[in-house]
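Asker: What follows is a single structure, and I will ask about it in a moment.
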Amino acid sequence: MTSNPYPLGLRLHGRRVVVVGGGAVATRRVPALLDAGADVLLVAPELTPALRARADAGRLHWVPRRFVPEDLDGAWLVQVAVDDPIAAASVSAVAAERRIFCVRADDRTAATAWTPAVTRHGPVTVAVLGGGDPRRAMTVRDAIRDLLAVRLAPDGIAGRPDASTGTTGGQQAGRVALVGAGPGDPELITVKGWRLLTEADVVVADRLVPGLLLDELRPDVELVDASKIPYGPSRAQEEINQILVDRALAGAFVVRLKGGDPYVFGRGGEELLACAAAGVPVTVVPGVTSSIAAPAAAGIPVTHRGVAHEFTVVSGHLAPDAPASLVRWDALAGLHGTLVILMGLKNLAAITATLIAHGRSPQTPAAVVQEATTGTQRVLRSTLGAVAADLSAADLRPPAVVVVGDVVGALDG
Ligand SMILES: C[S@@+](CC[C@H](N)C(=O)[O-])C[C@H]1O[C@@H](n2cnc3c(N)ncnc32)[C@H](O)[C@@H]1O
């Protein structure tokens with residue numbers, strides 16, 4: 001007779017879970033057990049490299065041999081992740097004798113527990129059992145995950161997992177998340193960044209933030225366009241800091257959405273310090289930076305075996321001879337690796353001339369990638385000696401990244 005399973009959330013922190021088998025199934029199962037804080041004992045003559053790395057790092061105990069009944073001493077749960085049905089049956093027989101629940105990868109009908117398909121959304125864990133059909137469970141799980149990410153979170157189902165517990169003047173205090181939005185393609189925001197965006201009360205967005213991300217905000221979100229603040233750059237930054245602090249102190253969850261990564265020429269550090277000074281808690285969510293993504297989108301790896309063992313990211317917003325410049329262009333000219341220049345179009349002629357004057361060959365391959373990862377991306381391939389002139393002729397404009405180095409042609413067939 002079949003009956004419905006009884007769902008439970010196992011609190012495994014510090015509790016022994018025995019995993020028998022060290023192959024692909026165990027490799028998939030072990031991370032969630034470790035995430036739950038389980039004390040994992042892995043019994044298998046051999047391990048996959050991923051499991052081996054966890055064992056070497058001391059994250060789990062590995063017993064390099066076949067299963068013996070004593071392995072289940074002190075166990076709360078056992079996961080059998082071996083193909084051999086006889087070996088699996090003998091483990092589950094020992095588990096049954098000891099009244100330990102047993103998950104079996106080889107035979108769900110013989111198992112005393114099933115692992116569900118899971119999606120996690122902040123503090124909410126959704127676990128789906130598909131009546132013994134894992135594919136059905138995954139399909140339903142995927143649909144729920146999409147709903148949670150896009151529709152339900154703004155209405156408060158996801159809640160605010162990291163929300164501050166402090167209060168200000170009797171009011172619930174807010175917080176700020178500095179979120180990297182990625183280089184341009186809206187799909188290049190991180191999963192965490194996207195989740196926080198869907199939970200925000202206020203979004204303060206930069207000019208280079210993918211517009212489609214803002215399109216998805218729910219109608220009651222206050223959207224502050226930071227690029228429209230009508231002052232010079234330093235006063236505008238003060239205004240932005242003030243907006244973040246004021247809204248958070250008024251109880252809002254504020255997402256400061258920034259192009260690329262918040263800490264790569266993004267002034268994220270200044271915003272963090274301003275919030276910290278006002279006692280506002282801040283979460284920083286790194287982003288995919290254009291300094292790596294723009295070359296990648298043009299088919300240029302910033303490192304390549306046998307070609308470049310280093311890459312240097314530098315701002316070209318000041319000319320090499322500007323008194324305020326902090327960049328040692330003469331020293332950079334002596335490097336053999338990849339040079340990635342952000343905000344460098346205006347000063348490109350002076351920059352390339354300085355690099356050549358200090359020894360970098362004018363024949364070094366160079367490329368310019370404009371509006372990378374978007375539908376309007378443009379790529380110019382040239383050399384260090386010619387790129388500034390080619391750039392003007394091609395009428396390329398910011399935002400663009402300049403890449404200098406042999407990696408520019410490394411993947412050309
Ligand atoms: C103020 S910086 C911010 C960089 C950003 N925090 C990051 O990690 O990508 C702006 C510069 O980043 C570069 N940039 C940003 N997005 C870009 C894109 N989609 N394509 C090319 N360059 C981009 C350009 O050099 C632009 O002038």
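The values are calculated or read from the model by the stated rules, or taken from the named source; none is laboratory data. Predicted model only: the values in this text are computed from it and were never measured. Cβ placement follows ideal geometry from the backbone for every residue including glycine, while neighbour counts extend to all protein chains displayed. Protein only, heavy atoms only, side chains kept; ligands, DNA and RNA dropped before computing areas. Shrake-Rupley method; radii C 1.70, N 1.55, O 1.52, S 1.80 Å.
Asker: Scan region 273-298 for residues that are surrounded by 21 or more Cβ atoms within 10 Å (Cβ to Cβ), assigned to a loop (DSSP other than H, G, I, E, B) and either polar (S, T, N, Q) or within 16 Å of the ligand (Cβ to nearest atom) (or both) and report the count.
Answerer: 4
Asker: Also: Assuming residue 46 fulfils every condition listed in (1) touching a Gly at 6+ places or on another chain (Cβ under 6 Å); (2) assigned to a strand (DSSP E or B) apart from one, which condition is it?
Answerer: If we test residue 46 against (1) touching a Gly at 6+ places or on another chain (Cβ under 6 Å); (2) assigned to a strand (DSSP E or B), just (2) comes out false.
Asker: Within 12 Å of the ligand (Cβ to nearest atom), in contact (Cβ under 8 Å) with a residue 60 or more places away in the chain and in contact with a helix residue (DSSP H, G or I) (Cβ under 9 Å, 6 or more places away or on another chain): does that describe residue 308? Spell out the reasoning first.
Answerer: Details: within 12 Å of the ligand (Cβ to nearest atom): no; in contact (Cβ under 8 Å) with a residue 60 or more places away in the chain: yes; in contact with a helix residue (DSSP H, G or I) (Cβ under 9 Å, 6 or more places away or on another chain): yes.
No: the conditions fail for residue 308.
Asker: For region 16-35, give me each residue that is crowded, with 17+ Cβ neighbours inside 10 Å and either aliphatic (A, V, I, L, M) or not in a helix (DSSP H, G or I) (or both).
Answerer: Residues satisfying the conditions are 16, 17, 18, 19, 20, 21, 22, 25, 26, 30, 33.
Asker: Okay, moving on. Take the conditions at positive phi and more than 16 Å from the ligand (Cβ to nearest atom) and apply them to residue 251. Does it pass? Before the answer, list the steps.
Answerer: Working: at positive phi: yes; more than 16 Å from the ligand (Cβ to nearest atom): yes.
When the stated conditions are applied, residue 251 passes them.
Asker: Quick one: what pairs do we get from region 250-267, first residue farther than 17 Å from residue 227 by Cα and in contact (Cβ under 8 Å) with a residue 40 or more places away in the chain, second aliphatic (A, V, I, L, M) and near the ligand (Cβ under 6 Å from one of its atoms), C-beta under 8 Å, 6+ apart or different chains?
Answerer: Close Cβ pairs (under 8 Å, with a partner that is aliphatic (A, V, I, L, M) and near the ligand (Cβ under 6 Å from one of its atoms)) amount to 264/342.
Asker: Open to solvent by 10 Å² or more (accessible area, probe 1.4 Å) and in contact with a Phe, Trp or Tyr (Cβ under 9 Å, 6 or more places away or on another chain) - does that describe any residue in region 255-268?
Answerer: No.
Asker: Looking at (1) buried (at least 19 other Cβ atoms within 10 Å of the Cβ); (2) of a type in the set (A, V, I, L, M); (3) within 16 Å of the ligand (Cβ to nearest atom), which is the only condition residue 203 fails?
Answerer: With (1) buried (at least 19 other Cβ atoms within 10 Å of the Cβ); (2) of a type in the set (A, V, I, L, M); (3) within 16 Å of the ligand (Cβ to nearest atom) applied to residue 203, the lone miss is (3).
Asker: Let me ask something additional. Mind checking which residues of region 334-374 are touching a strand residue (DSSP E or B) at 6+ places or on another chain (Cβ under 7 Å), of a type in the set (Gly, Ala, Ser) and open to solvent by 20 Å² or more (accessible area, probe 1.4 Å)?
Answerer: Scanning region 334-374 gives no hits.
Asker: Out of the residues in region 40-49 that are within 27 Å of the chain's Cα centre (by Cα) and closer than 24 Å to residue 90 by Cβ, state the one that is surrounded by the fewest Cβ atoms within 10 Å (Cβ to Cβ). Outline the logic, then answer.
Answerer: Of all residues in region 40-49, those within 27 Å of the chain's Cα centre (by Cα) come to 40, 48-49.
When the remaining residues are screened for being closer than 24 Å to residue 90 by Cβ, the result is 40, 48.
Values: 40: 26, 48: 17.
Among them, the one singled out is 48.
Asker: While we're on this one: Only strands (runs of 3 or more DSSP E) wholly contained in region 155-272 count here; list those with 3 or more residues that are at pLDDT 90 or above and touching a strand residue (DSSP E or B) at 6+ places or on another chain (Cβ under 6 Å). Explain how you work it out, then say what you get.
Answerer: Details: elements: 175-180, 202-205, 222-225, 253-258.
Passing ranges, in order: 175-180, 202-205, 253-258.
Asker: Can you tell me which residue in region 313-333 is farthest from the chain's Cα centre (by Cα), limited to those that are open to solvent by 20 Å² or more (accessible area, probe 1.4 Å) and within 16 Å of residue 400 (Cα to Cα)? Before you say what the answer is, go through the steps one by one.
Answerer: First, the residues of region 313-333 that are open to solvent by 20 Å² or more (accessible area, probe 1.4 Å): 313, 317-328, 330-332.
Of the ones still in play, those that are also within 16 Å of residue 400 (Cα to Cα) are 313, 317-318.
On the way: 313: 20, 317: 28, 318: 31 Å.
Only one residue fits best here, namely 318.
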